[in-house]
Amino acid sequence: MTIAANLSFTHRLEHGSGHNTPPLLLLHGTGGDENDLIELGRMVAPEAALLSPRGKVLEGGMPRFFRRLAEGVFDEQDVERRANELADFVSEAREAYSLPAPIALGFSNGANIAAATLLLRPDALAGAVLIRAMVPLSQHPAADLTGKPVLILSGAMDPMVPADNAARLAALLSASGACVQHRTLPSGHGLSQADVALSRQFLTEAGRAIASAA
Ligand code: MLT
């Protein structure tokens, strides 16, 4: 582990061992922190550098990546502001640690800020794994996501993310040019073994595709 440089988000950075493996930007869910997804990151991308910021917004003491008005109802102005802040942090961290553009691996609130970042600052990310994600913004400028690999993993029994909302997210990212795979698993909002296996397979393929295009 590297003790993190003094950047605009509290974060953790774990160096990778693979030269051709894109780093992962790990984005935790509500109540998580920069330590939460390190183990998941190692499981799904054993050789990747892991960059893991802590969300700056507190809801009842629980870190998140943006403010919400109620469960599933987002403060969209704050979503915009925070997605831009996160994209700026990614630039700072890329420079501080000499990293190529990362693939986001976000869970729940982390997946939603990753989706917003894809739409608002597409250059910040090389792709994304969005676990239990929703449409983060009702309006956004046209984004060019041409060729970016995106995996959306939804839960058929997820009480927080309606199936049609996840389907809309898949459709809008595809319409912006991303190469979207959307899988619905027989699970709820929580992470399952299938999320790990599918993310790992997707990241192996995405890493190869990004390396061969470079
Ligand atoms: C969100 O607020 O981003 C979603 O409702 C998921 C959550 O964090 O509970």
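Bear in mind these aren't lab numbers, they're just calculated from the coordinates by the rules spelled out. For clarity, every value in this text was computed on a predicted model and none was experimentally measured. Note that each Cβ is placed from the backbone with ideal geometry, even for glycine, and that neighbours are counted across all protein chains shown.
Under 5 Å from the amide H of Ile152 lie the amide H atoms of Leu130, Gln181, His182, Arg183, each residue being 5 or more positions distant or on a separate chain, with H modelled from the backbone and absent for Pro and chain starts.
Our helix-only sum for the chain, with -39,500 (n - 2.57) per DSSP H run of n ≥ 4 divided by its residues, gives a mean residue ellipticity at 222 nm of -11500 deg cm²/dmol. In percent, rounded to a whole number, the relative contact order of the range 39-132 is 22, using alpha-carbon pairs under 8 Å and six or more apart. Annotation: amide H-H contacts under 5 Å for Ala104 (H modelled 1.01 Å from N, sequence separation of 5 or more, or interchain): Leu25, Ala126, Gly127, Ala128, Val129. Overall dimensions of the range 169-214, expressed as equivalent-ellipsoid semi-axes from the Cα gyration tensor (√(5λ), whole Å, largest first), are 22, 17, 6.
Debye-formula intensities of the chain, expressed as log10 I(q)/I(0) at q = 0.14, 0.15, 0.16, 0.17 Å⁻¹, are -0.75, -0.88, -1.02, -1.18 (one equal scatterer per alpha-carbon, no solvent).
Modelled label positions at Asp33 and Arg94, each set 7 Å beyond Cα in the direction of Cβ, lie 2.9 nm from each other. Contact order for the range 104-156, expressed relative to its length and based on alpha carbon pairs under 8 Å spaced 6+ residues apart, stands at 39 percent.
Judged by the ratio a/c of the largest to the smallest principal axis of the C-alpha gyration tensor, the range 1-48 counts as oblate, that ratio being 1.5 or greater while a/b is no larger than b/c. Across the range 134-149, computed HN-Hα scalar couplings (Karplus, 6.51 cos²θ - 1.76 cosθ + 1.60, θ = phi - 60°) run 10, 5, x, 9, 7, 9, 7, x, 4, 10, 9, 10, 3, x, 6, x Hz from first to last residue, x flagging Gly and Pro. Going by neighbour counts of Cβ atoms within 10 Å, the residues Ile210, Ile38 line up, fewest first, as Ile38, Ile210. Take every Cα pair under 8 Å whose residues are at least 6 apart in sequence, average their separation, divide by the length of the range 1-85, and the relative contact order is 26 percent. For the peptides 198-207, 128-137, the ranking by packing is 128-137, 198-207, with the highest mean count of neighbouring Cβ atoms within 10 Å listed first.
Computing FRET efficiency as 1/(1 + (r/R0)^6) for Ala167 and Met43, where r is the C-beta to C-beta distance and R0 is 22 Å, gives about 0.20. Each residue of the range 122-128 was assigned a 3J(HN,Hα) from its phi angle through the Karplus expression (A = 6.51, B = -1.76, C = 1.60, θ = phi - 60°), giving x, 6, 5, 10, 8, x, 7 Hz with x at Gly and Pro.
Packing order of peptides 11-18, 55-62, 100-107, highest average first: 100-107, 11-18, 55-62 (average count of other Cβ atoms within 10 Å over each peptide's residues).
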